[in-house]
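Have a look at the structure below before the remarks.
The values are calculated or read from the model by the stated rules, or taken from the named source; none is laboratory data. Fair warning: this is a prediction, and the values are worked out from it, not measured in the lab. Here the Cβ positions follow ideal geometry from the backbone for every residue, glycine too, while neighbour counts run over all protein chains shown.
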Amino acid sequence: MVNRTVSPASRSLRPPLRRCSFRFSGQPTSVGEARDWLGRRLNMAAVPEQNRETALLLLSELATNQVLHTPRADQSTGDYFVRAFFFHGWLRVEVRDVERNSPEIPMVSLDLNAEHGRGLLLINALASRWGRFESGRGPGMFFELRWDR
């Protein structure tokens, strides 16, 4: 299976109930900081516990990929944004490089025998929907989780 590209226009037509974003450093320690940041917001939004745990796991995968695998043409810091959008019964989380001219995120084939990419298999198995997106501020990755209300 291959991850898919989603344009911003394909997002929900309804505005989110709540949205938030934060900038994190491109250092490995930022993955835990991003999890803590999102965890507090998931609690405030009363996201069901099972979905909170899944969201934190999936964010860890995307943030780790951002820190370890985002190609850098220069010596930029590798900082990234995490954005969360809360809707009735679902959540969307995006991870995007802060550099407007960051390189395009390559399409990745999900292969059990590959040296890297198993985190994407986990995202594929647990997310309601996931993929990459393009915006005027550069490419990013996202996942969505849905639950019954």
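Please go through the range 86-129 and pick out each residue that is in a strand (DSSP E or B), at pLDDT 60 or above and over 20 Å from residue 41 (Cα atoms).
97, 129
Scan the range 32-56 for residues that are surrounded by 16 or more Cβ atoms within 10 Å (Cβ to Cβ) and over 19 Å from residue 127 (Cα atoms) and jot them down.
Once the filter is applied, which keeps residues that are surrounded by 16 or more Cβ atoms within 10 Å (Cβ to Cβ) and over 19 Å from residue 127 (Cα atoms), the range 32-56 yields only 37.
Can residue 68 be described as assigned to a helix (DSSP H, G or I), at pLDDT 95 or above and more than 16 Å from residue 19 (Cα to Cα)?
Considered against the rule, which asks whether it is assigned to a helix (DSSP H, G or I), at pLDDT 95 or above and more than 16 Å from residue 19 (Cα to Cα), residue 68 comes out as no.
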